[in-house]
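The values are calculated or read from the model by the stated rules, or taken from the named source; none is laboratory data. What you see is a predicted model, and the numbers here were worked out from it, not measured in a lab. As a convention, Cβ positions derive from the backbone with ideal geometry for all residues, glycine included, and neighbour counts pool all protein chains shown. Just the protein is used for accessible areas: all its heavy atoms, side chains included, with ligands, DNA and RNA removed. Shrake-Rupley method; radii C 1.70, N 1.55, O 1.52, S 1.80 Å.
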Amino acid sequence: MKKMLVAAVSRVLSGVSQKPASRVLVASCNYSNDATFEIKKCDLHHLEEGPPVTAVLTRQDGLKYYKTMQTIRRMELKADQLYKQKFIRGFCHLCDGQEACYVGLEAGVNPTDHIITSYRSHGFCYTRGLSIRSILAELTGRKGGCAKGKGGSMHMYCKNFYGGNGIVGAQGPLGGQIAEAYNMAALWKLPCIFICENNRYGMGTAITRAAASIDYYKRGNFMPGLKVDGMDVLCVREATKFAADYCRSGKGPIVMELQTYRYHGHSMSDPGVSYRTREEIQNVRGKSDPIMLLQDKIVNSHLASVEELKEIDVEVRKEIDDAAEFATTDPEPALEEIAHHIYSDNPPFEVRGANQWVKFKSIS
Amino acid sequence: MAGVSGLVRRPLQQVSGLLRRRFHQTAPAALQVTVREALNQGMDEELERDEKVFLLGEEVAQYDGAYKVSRGLWKKYGDKRIIDTPISEMGFAGIAVGAAMAGLRPICEFMTFNFSMQAIDQVINSAAKTYYMSGVAAQHSQCFAAWYGHCPGLKVVSPWNSEDAKGLIKSAIRDNNPVVMLENELMYGVPFELPPEAQSKDFLIPIGKAKIERPGTHITVVAHSRPVGHCLEAATVLSKEGIECEVINMRTIRPMDIETIEASVMKTNHLITVEGGWPQFGVGAEICARIMEGPAFNFLDAPAVRVTGADVPMPYAKILEDNSVPQVKDIIFAIKKTLNV
């Protein structure tokens, strides 16, 4: 095996005069299988002990997390482009910057666990199993979309993923309603992780102007909580595993606050720079970008090479471009479908259109 | 003189024409104002006039309003009068109710009407059942006229153009009762001519009074909010075919000005209603029911017809969305069917 690899590499390199062959050979043969990293300790609320402060990352997982995060990043940037080109309409809330939250979370739970989220849902849509094509085609309102073009950005669902919800608070009530949710979950010891993606702003208002206490992980009150570094995928994963174990052991619900950041404004109609400075955004990109942090870990511990990661980048770009091509050329749903799926399990019935002479058929 | 002979023929119309001419001599010329600007002006004037008036809602202060309706107001009036709230509709709607009970005049803005559903308990149970002033809100994808119009204790207004927006918001602020104002987000950026009388700081549009936007003789077309514009478009098209539509802009949903509609139907003998909301239990249904209960029923030469949104949840894809809301062609079709032409 080793000999074959050497031969292949030297064949490739014969056309490239600059790189010394020996350097590349060493890199391609000496990958570690895994590496151990120190991760930030989580602040705890009503907990004696928290998640571990070290995490093991295998080469396989490293590449998987990298590819997934890069895919979400590129997908969101493509959505930005499509929105500006008017292929996507209505409301569109992008999550670039927050990739570690989605990937880390999925890595810490089982595919059979249930997840529900808010309107900033595209990251979850992908980690939960929807294809890029079906996500982008849903954003462009085509029949190949995961909701056949009828839902748009905030209404995408798949198995064990309940969206995508447009009304703030519908997914895990805010304000008075979240207090009610916390109370009942704790009272009945429901195995539920309440997650706060704390990206420092509620629309255009900084959290310090909207919250009497910004320690969201403590606001479950009697409910234990964790404050997690949401820019480090390993930190998120370990915290999620810890929280999931806590719930599964019957101890009841738990709050997880992920400290993260969104590069875009609240939605596509918010430039995102009237309530925060460009310097702040640049700073986060330069110091805490989740993809960059993972890349550094992978490369510095020899789990993979920079070139390998670049190849993944190329692959991802191609996949996103393909999906965008599909999303902009797939036809819109047929007009006949306008009234379908109003009820479930119902015999077909007639639906009134704009006046009594316009009728549509509704099929479940 | 044209004025005198006009008086003999069409009293109502010509009197208002005379009034217009008089104002024209003394006031500034009409200017183009968008619906958004009109709302802003209306609120600004009322904030200045009465220190008990204040505005609260999400992003209304430092962000200048999610739809920029409250632009500049925070800069002018400061933290005490223009208040950014956390994302807690139920909470701040409740605060608005309490403030009004204590004698203040809150303008409580819901970013979209869908969000107001979180606070509907406060609006219906607290607001409607107690005398005080409440909401200005932007409409989201669906029309909530029927929801709020159903409720005794509330007043519900629905502006179409800039003049409506300004006059109604000022009346709403000065009214001692809870008033729900159904703003249509798609109209915010549309400019309209603001006639001289509407430029006055005392310009008010009475709540509970409809306006005949376009007189006609063959059919009465009643609408509120954005569809009023579509009806006027339809009327222009049909005028070329010799059909003259009388287009009525309801302006107020509750209390409904059924008298203006009745007087019109008694003249034209035909009626269609046009609304953006769903057909079942809607504004059009209410109008038809009331016409049957009153003197105008015997003047109808054909059944009244409703043009509405399609009876489906609002879909996303463009082709589906376009067919879910009443279009000019649907209005023209309905008019011709009613007139049997």
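Tabulated data for the structure shown
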item: Neighbouring partner chain Cβ atoms per residue of A:347-359, average, 10 Å criterion; result: 6
item: Evaluated over segment B:211-339, the Cα radius of gyration and Dmax, each in Å; result: 13.9, 44
item: Binned Cα-Cα distances of the protein assembly as shown, short to long, each 20 Å bin given as a whole percent; result: 15, 42, 29, 11, 2, 0
item: Summed buried accessible surface, chains B and A, 1.4 Å probe, nearest 100 Å²; result: 3300 Å²
item: Per residue accessible area of segment B:32-199, 1.4 Å probe, in Å²; result: 35 Å²
item: Helix B:283-293 axis, angle to chain B major axis (alpha carbon atoms, nearest 10°); result: 50 degrees
item: For residues of B:319-327, the mean tally of beta carbons on other chains within 10 Å; result: 5
item: Accessible area (Å², 1.4 Å probe, nearest 10) - A:Lys287; result: 140 Å²
item: Sequence-separation-based contact order of segment B:43-91, relative, with Cα cut under 8 Å and 6+ spacing, percent; result: 36 percent
item: Exposure rank, largest accessible area first [A:Lys297, A:Lys159, B:Lys201, A:Lys84; 1.4 Å]; result: A:Lys159, A:Lys84, B:Lys201, A:Lys297
item: Degrees separating the helix B:258-268 axis from the principal Cα axis of chain B, which is the longest one; result: 20 degrees
item: Partner chain coverage, peptide B:83-89 - average Cβ within 10 angstrom; result: 6
item: Cα-based helix-to-principal-axis angle, B:11-26 vs chain B, degrees rounded to 10; result: 50 degrees
item: Low-density loop cleavage sites - chymotrypsin sites (Phe, Trp or Tyr not before Pro) in segment B:215-318, where at most 16 other Cβ are within 10 Å (DSSP); result: B:Phe281
item: Accessible surface of the protein assembly as shown, 1.4 Å probe, proportion on carbon and sulfur as whole %; result: 55 percent
item: Probe 1.4 Å, accessible area per residue of segment B:211-339, Å²; result: 38 Å²
item: Average projected area [Cα convex hull, segment A:209-364], square nanometres; result: 17.5 nm²
item: Interchain or long-range residues, amide H under 5 Å from B:Thr273's placed H; result: B:Val222, B:Val305, B:Arg306, B:Val307
item: Heavy atoms of A:Ile135 accessible to a 1.4 Å probe, total area in Å² rounded to 10; result: 0 Å²
item: Which listed pairs, of B:Lys211/B:Lys337; B:Lys52/B:Lys155; A:Lys159/A:Lys189; A:Lys143/B:Lys337, have C-alpha distances above 32 Å, in listed order; result: A:Lys143/B:Lys337
item: Pairwise FRET efficiency - A:Tyr31 versus A:Val273, Cβ, R0 = 45 Å, nearest 0.05; result: 0.60
item: Relative contact order computed over chain B (Cα-Cα under 8 Å; 6+ residues apart), in percent; result: 15 percent
item: Reachable aspartates and glutamates, given that their alpha-carbon falls under 14 Å from the alpha-carbon of A:Lys361 and they are not under 8 places away in the same chain; result: A:Glu336, A:Glu337, A:Glu350, B:Asp311
item: Mean projected area in nm² (Cα convex hull; one quarter of hull surface) for chain B; result: 18.2 nm²
item: Mean separation of Cα contacts under 8 Å, 6 or more apart, over the residue count of segment B:145-228: relative contact order %; result: 36 percent
item: Residue with peak Gaussian network fluctuation, chain A [Cα springs, cutoff 10 Å], from A:Ile298, A:Ile132, A:Ile338; result: A:Ile338
item: Considering only the protein assembly as shown, percent of DSSP beta bridges that pair antiparallel, nearest 5; result: 35 percent
item: Delta accessible area of at least 30 Å² on complex formation, residues of segment B:47-68, 1.4 Å probe, chain isolated as reference; result: B:Glu59, B:Gln62, B:Tyr63
item: Ellipticity estimate at 222 nm from DSSP helix runs (n ≥ 4, -39,500 (n - 2.57)) divided over chain B, nearest 500; result: -11500 deg cm²/dmol
item: Stokes-Einstein D for chain A, Kirkwood Rh over Cα pairs, 37 °C, 0.692 mPa s (µm²/s); result: 145 µm²/s
item: Percentage, to the nearest whole number, of Cα pairs in segment B:32-199 over 23 Å apart; result: 30 percent
item: Rotationally averaged projected area of segment B:156-255 (alpha carbon convex hull; nm²); result: 6.7 nm²
item: Residue pairs, from the table A:Lys78/A:Lys318; A:Lys218/A:Lys297; A:Lys86/A:Lys318, whose Cα atoms sit over 19 Å apart; result: A:Lys218/A:Lys297; A:Lys86/A:Lys318
item: Accessible area per residue in Å² at 1.4 Å probe, computed on segment A:34-333; result: 43 Å²
item: Area of A:Asp289 that stays accessible when all protein chains are in place (1.4 Å probe, Å², to 10); result: 10 Å²
item: Förster radius 30 Å - calculated FRET efficiency between A:Trp357 and A:Gln85 (Cβ-Cβ, nearest 0.05); result: 0.20
